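First the structure, in the form of structure tokens, and then the observations on it.
The values are calculated or read from the model by the stated rules, or taken from the named source; none is laboratory data. Everything numeric in this text was worked out from a predicted model, so none of it was measured. When we count neighbours, we look across all protein chains shown, and the Cβ atoms used for this are built from the backbone with ideal geometry, even at glycine.
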Amino acid sequence: MGRLAMSGEDNLLRLVEGEEPDENGYHLQDQVGFILRKAHQRHVAIFASHIADLTPPQFAALAKLHDIGETSQNQLGTLIAMDAATVKGVIDRLKARGLVELSKHEVDKRRLLVNLTPEGREAIERLIPLARTITEETLAPLTAKEAATFLRLLAKLA
């Protein structure tokens with residue numbers, strides 16, 4: 001017997017409402033990783049429609065540097081949930097665009113410090129309002145209460 005096609009929202013609602021999986025017992029579209037990936041893809045598309053010249057990881061690096069100021073490259077990676085190799089690539093691309101600068105730690109010369117350039121500071125201050133809009137658009141299908149609950153639960157999973 002054929003299964004009726006269900007939208008991702010219908011599948012999610014079935015999960016939330018506690019319905020059991022059908023006779024096959026497993027459907028990719030019902031899995032948390034699949035649903036998270038679809039939500040992430042939607043968010044990235046919204047991000048790109050507002051901030052086309054930076055990737056979300058590049059934006060995250062600039063935003064965190066704006067928050068905390070100069071820090072080590074490794075610490076920045078930890079703070080924005082990126083491994084060392086990934087954050088190095090992000091920093092290299094931002095440096096090539098003149099948005100960040102690198103320097104050696106005064107005491108531990110092996111330690112690489114990263115900081116915003118004046119151009120980087122100007123860029124992130126211009127982009128932060130757009131980031132708020134991106135968040136609002138991403139969460140637009142939810143009520144304010146649902147959005148707060150969603151973010152709280154997502155943070156718990158992270």
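Couple of notes before you dig in:
- Those residues of the range 120-152 which are farther than 15 Å from residue 46 by Cβ and either of a type in the set (Gly, Ala, Ser) or in contact (Cβ under 8 Å) with a residue 60 or more places away in the chain (or both), in sequence order: 120, 123, 124, 128, 144, 148
- Residue 138 meets the stated requirement of being part of a helix (DSSP H, G or I), surrounded by 13 or more Cβ atoms within 10 Å (Cβ to Cβ) and hydroxyl-bearing (Ser, Thr, Tyr).
- Matching option when the condition is within 19 Å of residue 102 (Cβ to Cβ), at pLDDT below 95 and not β-branched (Val, Ile, Thr), among 74, 11, 24: 74
Residue by residue, here is whether (1) under 14 Å from the mean Cα position of the chain (by Cα); (2) in a loop (DSSP other than H, G, I, E, B) holds:
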site: 52; (1), (2): no, yes
site: 64; (1), (2): yes, no
site: 76; (1), (2): no, no
site: 82; (1), (2): yes, yes
site: 85; (1), (2): no, no
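- Pairs, first more than 11 Å from residue 61 (Cα to Cα) in the range 84-102, second in a loop (DSSP other than H, G, I, E, B) and not charged (D, E, K, R), C-beta under 8 Å, six or more apart: 98/117; 101/117
- Filter result (surrounded by fewer than 18 Cβ atoms within 10 Å (Cβ to Cβ), out of contact with any strand residue (DSSP E or B) (no Cβ under 7 Å at 6 or more places or on another chain) and not hydroxyl-bearing (Ser, Thr, Tyr)) within the range 81-99: 81, 83, 84, 85, 88, 89, 92, 93, 96, 97, 98
- Matching residues in the range 106-135 - criterion: being surrounded by 12 or more Cβ atoms within 10 Å (Cβ to Cβ) and not in a helix (DSSP H, G or I): 111, 112, 113, 114, 115, 116, 117
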